[in-house]
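Quick notes on the structure that follows.
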Amino acid sequence: MSPTELKEIRSVPLFANLTDEDVRCLEGGQIIEVDVGRTLATEGERTGLFHVVLEGEIRTSRIYDRQSILLGVNKPGNFLGETMFLLDIPWVATLRVSKPARLFQLDEQRFWRMLATCPTVAREIFRSASSRMRNLEGYSQQREKLVSLGTMAAGLAHELNNPASAARRATAHLQQTTENIQIFLCRLSKCLQPEHWQHLLDAAEKASNRAPAGLDNLTRSDCAESVSKWLDAHGVASAWDVAPTFANLGLDVPWLEKLIERVPRDCQADVLGWTEARLSLKILVGEIDQSTRRVAELIQAVKSYSYLGQSPMQELDIHEGLESTLTMLGHKLKNVTLIRAYDRSIPRIMGYGGELNQVWTNLIDNAIAAVNGTGKICVGTLFEHDQVVVEIVDNGPGIPPDVQSHMFEPFFTTKTVGTGTGLGLVISNRIIGDRHGGEIEFESRPGETRFKVRLPTSPKP
């Protein structure tokens, strides 16, 4: 892409916060121009493309009862196609150009690479997908899957925010630290000899390889205070800001005294400043690496949860699906006591991984709601009567007897208006029964509700 095109793309809100380094995630994309009347996608079609509107207008419509209903008008700055990739489904609407348009587009492979390498873009796409899911009122059976994605996307937007924010803070600090190192190097080059540098490099290397000191908060604070006073007495600027770096690694005053005893007195303050900056540099790089790894793990969890790029029917380890589902719901489980009671010896099964994950999402999300996000939930597996059994147990108030007989009726829900579709258990039951030849059973009393999902190792033909 030319610099002019890149500037145009970065003017779009989705990409406005990208740094010069981050724009690499847009590599492989292209800008196209489309005329009025052209159809970009047809309902039920898989185009494998993600679009961002730069100019013009795109209308989305869908067929209901043989009539084409306008769902929305997409103007510059809007983007389309992320839902199809995240859900691994065909287009659920038809896209037609209503005003001459310029679009930035990415294929599926580059779309996933963009999410994995650009946390800010990924967070906004998941947030948008979550919002878009709430507005798609299409097929009744797809509705619960869309709600599951909305839950997942909202959770991932929350989870991505933590490593993204940490990486952003570390990057800002890294820039300042790098500048400080350069300043100290300029000063020290005038007063240190090679043997001095060797001493400093050896000391810094040994210190940076030390594990963080296992100190409690009070001890660490006392250590930082004593180090700060010592640094201040030796002419180190902003001693209170510098001291925690040494204290967190367990580097106390005796260590610092030993560090400077072999260097000229008139450059000891700069030696201390350079050492702290060098130690901070490695810590910050580690924080950025940890944050980006976490983002990559979350993106991989999405792909694993959706079984993207894999055949629908395949041999499955039931535990992998349960774990990816727990990852998707991690933001809701933060205050829940989660117990895993897995029998790792149970056989693998033949099944539809994405659909089973939809069932686990529904049942675990219901359990979280039952304990009000603060109780105890047990997720277990066992092999019984030649069937793989998944149990999800919560210690909530239980399901009232008058409600239990309606649990699998379509559109029946005990949730407040707007928070439940009444289709979750219906669709789950169809997935387990019709698609896998299994069954869902439950028993409930105050203090314990237990759902059992029974699955044959090979579904019925």
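The values are calculated or read from the model by the stated rules, or taken from the named source; none is laboratory data. Quick caveat, the model's predicted, so the values are computed rather than measured. A quick note on method: Cβ atoms are made from the backbone with ideal geometry, for glycine too, and the neighbour counts reach across all protein chains shown. To get the accessible areas, we keep the full protein, side chains included, count just its heavy atoms, and leave off ligands, DNA and RNA. Shrake-Rupley method; radii C 1.70, N 1.55, O 1.52, S 1.80 Å.
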- request: Might you let me know whether region 210-222 holds any residue that is open to solvent by less than 50 Å² (accessible area, probe 1.4 Å) and part of a helix (DSSP H, G or I)?
  value: no
task: Check S228 against each of (1) open to solvent by less than 80 Å² (accessible area, probe 1.4 Å); (2) modelled with pLDDT under 85; (3) touching a helix residue (DSSP H, G or I) at 6+ places or on another chain (Cβ under 7 Å) and name the one condition it does not meet.
output: (2)
message: So for region 275-293 (the condition being open to solvent by less than 20 Å² (accessible area, probe 1.4 Å), more than 20 Å from A172 (Cα to Cα) and in a helix (DSSP H, G or I)), does at least one residue qualify?
response: no
query: Here is a list of conditions, (1) over 30 Å from F383 (Cβ atoms); (2) at pLDDT 85 or above; (3) part of a helix (DSSP H, G or I); (4) touching a Gly at 6+ places or on another chain (Cβ under 9 Å), and H331 meets all of them except one; can you say which number that is?
result: (2)
- request: Run down G418, G422, G447, G398 and say which single residue is at pLDDT below 90, farther than 22 Å from T325 by Cβ and of a type outside the set (D, E).
  value: G418
- prompt: Which one of these is more than 23 Å from P119 (Cβ to Cβ), open to solvent by 90 Å² or more (accessible area, probe 1.4 Å) and under 28 Å from the mean Cα position of the chain (by Cα): R46, R38, R24?
  reply: R46
message: Among (1) at pLDDT below 90; (2) hydrophobic (A, V, I, L, M, F, W, C); (3) in contact with a strand residue (DSSP E or B) (Cβ under 9 Å, 6 or more places away or on another chain), there is one condition V23 misses while meeting the rest; what is its number?
response: (3)
message: Going residue by residue through region 101-121, is there one that turns out to be open to solvent by less than 20 Å² (accessible area, probe 1.4 Å), among the β-branched types (V, I, T) and outside any strand (DSSP E or B)?
response: yes
Hits in region 427-460 - residues which are free of Cβ contacts under 8 Å to residues at least 40 places away in the same chain, part of a helix (DSSP H, G or I) and not polar (S, T, N, Q): G433, D434
query: When A237 is evaluated against the numbered criteria (1) in contact (Cβ under 8 Å) with a residue 40 or more places away in the chain; (2) of a type in the set (A, V, I, L, M, F, W, C); (3) surrounded by fewer than 20 Cβ atoms within 10 Å (Cβ to Cβ), which criterion, by number, is the only one it fails?
result: (1)
Members of region 356-387 that are at negative phi and among the charged types (D, E, K, R): D365, K376, E384
task: Mind counting the residues in region 334-378 that are among the basic types (K, R) and modelled with pLDDT under 90?
output: 1
message: For region 364-382, which positions are open to solvent by 20 Å² or more (accessible area, probe 1.4 Å) and touching a strand residue (DSSP E or B) at 6+ places or on another chain (Cβ under 7 Å)?
response: A370, K376, C378, L382
- prompt: If you take the residues of region 345-363 that are more than 15 Å from N429 (Cβ to Cβ) and under 21 Å from the mean Cα position of the chain (by Cα), which of them is surrounded by the fewest Cβ atoms within 10 Å (Cβ to Cβ)?
  reply: G354
query: Here are T337, T361, T327: which of them is among the hydroxyl-bearing types (S, T, Y) and either closer than 20 Å to E443 by Cβ or in contact with a strand residue (DSSP E or B) (Cβ under 9 Å, 6 or more places away or on another chain) (or both)?
result: T337
